[in-house]
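The next block holds one structure in the form of structure tokens; read it before the comments.
The values are calculated or read from the model by the stated rules, or taken from the named source; none is laboratory data. All values reported here derive from a predicted model rather than from experimental measurement. Cβ placement follows ideal geometry from the backbone for every residue including glycine, while neighbour counts extend to all protein chains displayed.
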């Protein structure tokens, strides 16, 4: 196993991580921005008001994106395990 294959595996791992976490992070970003605009316009400075909508949005996002995320992760894991003999020997 040379340095190129290690870098390739790490690159694929980081790519899969970014692709899987991207939709949930984007959803939390959009909801946080909407809540921040709402807080700025109404001058309500409650700290917990920002967290509850984001948590709910991420949980709803997990319900919708969960099967797709799981498929991506299982596919990547099965590729790693199928190529394990090539990496070791």
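Say we look at the stretch 15-59 and pick out the residues that are under 30 Å from residue 87 (Cα atoms) and in contact with a helix residue (DSSP H, G or I) (Cβ under 8 Å, 6 or more places away or on another chain); which of these is surrounded by the fewest Cβ atoms within 10 Å (Cβ to Cβ)?
19
Is it true that residue 26 is within 30 Å of residue 2 (Cα to Cα) and modelled with pLDDT of 95 or more?
No: the conditions fail for residue 26.
So which residues in the stretch 1-14 are surrounded by 12 or more Cβ atoms within 10 Å (Cβ to Cβ) and out of contact with any helix residue (DSSP H, G or I) (no Cβ under 8 Å at 6 or more places or on another chain), if there are any at all?
To start, the set of residues in the stretch 1-14 that are surrounded by 12 or more Cβ atoms within 10 Å (Cβ to Cβ) comprises 5, 9, 12-13.
Within the stretch 1-14, none qualify.
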